[in-house]
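Structure record follows, encoded as structure tokens.
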Amino acid sequence: MKFKICGLKEKANMLDVSELEPDYIGLIFWSRSKRYVKGSSPELPNDIKKTGVFVDENLEEIKKRLSGWQLNSFNESYKYKINNGMSLFKKNLKNE
């Protein structure tokens, strides 16, 4: 079984949660969300995979976040082709 914690936005919370050794941490990069993440990524153990959630975001902004936050995968409301082995989960978050 895999363990994912999503919606963390404060660095202190991310560091505290990392002690629980989740498989994934989900980060919301949609500015209209209450759980929107700002700033830079804290140092987390390499074995915790970080997933970014985007809604109607342009490809350049997604690439910037992928690099800056060292994301392992992302969710987006549109499908983009990424040529670096990045996982893509397509989900329309507008209807939720």
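The values are calculated or read from the model by the stated rules, or taken from the named source; none is laboratory data. The structure presented is a predicted model; accordingly, all values stated were derived computationally and were not measured. Here the Cβ positions follow ideal geometry from the backbone for every residue, glycine too, while neighbour counts run over all protein chains shown.
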- Item | Filtered residue count, segment 4-38, keeping only those that are out of contact with any strand residue (DSSP E or B) (no Cβ under 8 Å at 6 or more places or on another chain) and not in a loop (DSSP other than H, G, I, E, B) | 5
- Could you list, in sequence order, the residues of segment 10-38 that are at pLDDT below 90 and either among the aromatic types (Phe, Trp, Tyr) or touching a Lys or Arg at 6+ places or on another chain (Cβ under 8 Å) (or both)? Trp30, Lys38
- Task: Kindly indicate the residue of segment 39-80 that is of a type in the set (Ser, Thr, Tyr) and assigned to a loop (DSSP other than H, G, I, E, B) and also nearest to Lys4 (Cα to Cα) among those meeting that condition.
- Result: Ser41
- Query: For segment 54-70, how many residues are among the charged types (D, E, K, R), out of contact with any strand residue (DSSP E or B) (no Cβ under 7 Å at 6 or more places or on another chain) and on the phi < 0 side of the Ramachandran plot?
  - Reply: 4
